[in-house]
Amino acid sequence: MAVDPHIQWHILKKLKDHFSFVGHHIAFTSARGGCINETYCIDLGHQNVFCKLNNASKLPGLLAKEKRGLELIAVQNIFKTPAIIDWFEVNNYQVLLLEWIDDGERSVNFWKKFGEKLAALHQVSNEYFGLSEDNYMGSVPQSNSPSDNWIDFFMLNRLEPLVKKCVLQKQLSPKHQSQFEVLYAKLKLVFNDAQRPSLVHGDLWSGNFICNQRSEPVLIDTAIYFGHPSMDLAMTTLFGGFHPDFYESYQYYSPLPLNYKDQWDVCNLYPLLIHLHLFGSSYLRQIERILNRFT
């Protein structure tokens, strides 16, 4: 997809503010990761820049919130994230310019490092579950209204809004809705009330990290908030899963509860509901399997 020449001009102007060697023309090449945003590699000659574009009114604040999520992860000095070059809005476009990360080879220690670092990230805590602002999970608005109780937060900010949307769209039946209501009453048997809020990536599947050339995990496409560690761990098992060394390493640095598989199943209802809402009935069977286990 061609980039609007006027937007190209604004991007070139911004890049000249940051890099002395930028010429009068820059080359845009489509890049991976363009499911929600238009994504490009910008060739500056001496280096590349990653560019994301989106409609500013259709998904307001999407890239600004992604920028702030990356910044909050980066400031913990645990995971690497792409350096933020610039963010701006112009002509109903929102633009995010990031450091380009070249892919590297996953060494034998890559997954062990990843598990150790995620355990460390989950030790970063807060006074409440949620975040100071709402953000997005993919293209779906994500409510982060603060709560001092994980079960209330998970039910009111994660499951209930999506169940209602899917029922209205006839993607879930009244029977499914009743099963969710039964599940809500059983959440105290699944989660420990003593759980402290943990900083989570929020959308941690195999497409949302990069292995850089130093064989280090680099986190991208965050949907951050302070939540339950099982939200991240559960999602790593969807859409291909992570290497067993990752889970072994995480368990070494942060032992999992005995019922972690129950927690992961229940937590995965959230991303599965999002995929049902966005992409349709192919995700319904997985949701039904989990509901039938607990209701």
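The values are calculated or read from the model by the stated rules, or taken from the named source; none is laboratory data. Please read these numbers as outputs of a predicted model, since none were measured by experiment. Positions of Cβ are generated from backbone atoms using ideal geometry, with glycine treated the same way; all protein chains shown enter the neighbour counts. The protein model used for the area step is the full one, side chains on, heavy atoms only, and it has no ligands, DNA or RNA in it. Shrake-Rupley method; radii C 1.70, N 1.55, O 1.52, S 1.80 Å.
E248 fulfils the conditions (1) part of a helix (DSSP H, G or I); (2) within 21 Å of the chain's Cα centre (by Cα) except for a single criterion, (2). Scan region 20-34 and give yes if some residue there is part of a strand (DSSP E or B), touching a Pro at 6+ places or on another chain (Cβ under 9 Å) and closer than 26 Å to H275 by Cβ, otherwise no. No, region 20-34 has no match at all. Checked against (1) farther than 17 Å from L284 by Cα; (2) without any contact (Cβ under 8 Å) to a residue 40 or more places away in the chain; (3) in contact with a helix residue (DSSP H, G or I) (Cβ under 8 Å, 6 or more places away or on another chain); (4) not polar (S, T, N, Q), P174 passes all but condition (1). Residues in region 61-80 that are more than 19 Å from N126 (Cβ to Cβ) and open to solvent by less than 40 Å² (accessible area, probe 1.4 Å): G61, L62, L63, A64, E66.
Return yes when L276 is in contact with a helix residue (DSSP H, G or I) (Cβ under 8 Å, 6 or more places away or on another chain) and buried (at least 19 other Cβ atoms within 10 Å of the Cβ) and no when it is not. It would help to see each step written out before you state the result.
Details: in contact with a helix residue (DSSP H, G or I) (Cβ under 8 Å, 6 or more places away or on another chain): yes; buried (at least 19 other Cβ atoms within 10 Å of the Cβ): yes.
So L276 fits the description; yes.
Number of residues in region 241-264 that are open to solvent by 80 Å² or more (accessible area, probe 1.4 Å), of a type in the set (D, E, K, R) and farther than 8 Å from G115 by Cα: the value is 1.
The one condition from (1) surrounded by fewer than 20 Cβ atoms within 10 Å (Cβ to Cβ); (2) in contact (Cβ under 8 Å) with a residue 60 or more places away in the chain; (3) assigned to a loop (DSSP other than H, G, I, E, B) that D86 does not meet is (3). Every test in (1) at pLDDT 95 or above; (2) on the phi < 0 side of the Ramachandran plot is passed by S206 save one, and that test is (1). With respect to (1) surrounded by 18 or more Cβ atoms within 10 Å (Cβ to Cβ); (2) in a loop (DSSP other than H, G, I, E, B); (3) out of contact with any Leu (no Cβ under 7 Å at 6 or more places or on another chain); (4) β-branched (V, I, T), the lone exception for I42 is condition (2). Just the residues that are surrounded by 18 or more Cβ atoms within 10 Å (Cβ to Cβ) and either polar (S, T, N, Q) or outside any loop (DSSP other than H, G, I, E, B) (or both), please, taken from region 185-207. Once the filter is applied, which keeps residues that are surrounded by 18 or more Cβ atoms within 10 Å (Cβ to Cβ) and either polar (S, T, N, Q) or outside any loop (DSSP other than H, G, I, E, B) (or both), region 185-207 yields V190, S198, L199, V200. Of the residues making up region 89-103, those that are surrounded by fewer than 17 Cβ atoms within 10 Å (Cβ to Cβ) and within 19 Å of N212 (Cβ to Cβ) are E99, D102, D103.
For region 210-221, state whether one or more residues are assigned to a strand (DSSP E or B), in contact with a Gly (Cβ under 8 Å, 6 or more places away or on another chain) and open to solvent by less than 40 Å² (accessible area, probe 1.4 Å). There is at least one residue in region 210-221 that is assigned to a strand (DSSP E or B), in contact with a Gly (Cβ under 8 Å, 6 or more places away or on another chain) and open to solvent by less than 40 Å² (accessible area, probe 1.4 Å). Taking the stated definitions as given, is T29 of a type in the set (S, T, N, Q), more than 17 Å from P217 (Cα to Cα), exposed (fewer than 14 other Cβ atoms within 10 Å of the Cβ) and touching a strand residue (DSSP E or B) at 6+ places or on another chain (Cβ under 7 Å)? Spelling it out, T29 is indeed of a type in the set (S, T, N, Q), more than 17 Å from P217 (Cα to Cα), exposed (fewer than 14 other Cβ atoms within 10 Å of the Cβ) and touching a strand residue (DSSP E or B) at 6+ places or on another chain (Cβ under 7 Å). Within region 183-202, does at least one residue satisfy the condition of being more than 17 Å from C267 (Cβ to Cβ), at pLDDT 95 or above and polar (S, T, N, Q)? Within region 183-202, not a single residue is more than 17 Å from C267 (Cβ to Cβ), at pLDDT 95 or above and polar (S, T, N, Q).
Just the residues that are in contact with a strand residue (DSSP E or B) (Cβ under 7 Å, 6 or more places away or on another chain) and not in a helix (DSSP H, G or I), please, taken from region 60-75. Residues satisfying the conditions do not exist here.
Within region 112-125, can you find the residues that are open to solvent by less than 50 Å² (accessible area, probe 1.4 Å) and either touching an Asp or Glu at 6+ places or on another chain (Cβ under 9 Å) or over 16 Å from M231 (Cα atoms) (or both)? Show your work before the answer.
Of all residues in region 112-125, those open to solvent by less than 50 Å² (accessible area, probe 1.4 Å) come to 114-115, 118-122, 124-125.
Passing the criteria: F114, G115, L118, L121, H122.
When V182, V167 are checked against the criterion of being surrounded by fewer than 13 Cβ atoms within 10 Å (Cβ to Cβ) and outside any loop (DSSP other than H, G, I, E, B), a single residue qualifies: V182. For I287, the criteria (1) open to solvent by less than 40 Å² (accessible area, probe 1.4 Å); (2) out of contact with any Leu (no Cβ under 6 Å at 6 or more places or on another chain); (3) of a type in the set (A, V, I, L, M, F, W, C); (4) in a helix (DSSP H, G or I) hold in every case but one, which is (2).
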